[in-house]
Amino acid sequence: MIQGLLLAMAMVPVALFASEGAETNYDIVQRTVNFVIFAAILWYLLAHRIKAFFSNRTLSIQAELDKVQDTKRASEEKKQEAIKKSEDAKRIA
């Protein structure tokens with residue numbers, strides 16, 4: 001947040017002096033300030049919700065990954081058991 005604010009403040013002189021000598025009158029400074037204020041308000045209001053969403057999403061992905069790993073482990077055990085039974089059947093035959 002602070003880095004973004006510092007970056008925005010560093011760009012203000014560029015915006016002020018970029019049109020020096022031109023006859024046009026742009027309101028880039030006011031729009032930049034308004035955008036920074038808008039972004040700060042959004043961050044203040046939504047930061048906790050966004051962090052909670054992504055932490056819950058991380059936990060759900062981890063749970064699904066654990067479930068897939070358990071399924072893989074079970075299938076490998078079944079595969080080894082089937083190979084063993086196949087070898088036993090060959091020996092008996």
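The values are calculated or read from the model by the stated rules, or taken from the named source; none is laboratory data. Model, not experiment: these values are computed from the prediction. Neighbour counts run over all protein chains shown; Cβ positions are idealised from the backbone, glycine included. Please note that ligands, DNA and RNA were not included when accessible areas were found on the heavy atoms of the full protein model with its side chains. Shrake-Rupley method; radii C 1.70, N 1.55, O 1.52, S 1.80 Å.
Taking Q3, is it open to solvent by 70 Å² or more (accessible area, probe 1.4 Å) and modelled with pLDDT of 95 or more? Let's see the steps before the verdict.
Numbers: open to solvent by 70 Å² or more (accessible area, probe 1.4 Å): yes; modelled with pLDDT of 95 or more: no.
Answer is no for this residue.
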message = Just to be sure I understand the filter: pairs with C-beta atoms under 7 Å, separated by 6 or more residues or on different chains, first member in the stretch 77-88 and of a type in the set (S, T, Y) and at pLDDT 95 or above, second member open to solvent by 100 Å² or more (accessible area, probe 1.4 Å) and part of a helix (DSSP H, G or I). Which pairs pass?
response = none
key: Contacts under 7 angstrom Cβ, first residue in the stretch 39-54 being open to solvent by 60 Å² or more (accessible area, probe 1.4 Å), partner of a type in the set (A, V, I, L, M, F, W, C), 6 or more apart   = W43/M1
Residue in the stretch 16-24 that is touching a helix residue (DSSP H, G or I) at 6+ places or on another chain (Cβ under 8 Å), at pLDDT below 90 and assigned to a helix (DSSP H, G or I) present = yes
task = Scan (1) surrounded by 11 or more Cβ atoms within 10 Å (Cβ to Cβ); (2) among the β-branched types (V, I, T); (3) modelled with pLDDT of 95 or more; (4) more than 30 Å from P13 (Cα to Cα) for the single condition T58 breaks and write down its number.
result = (1)
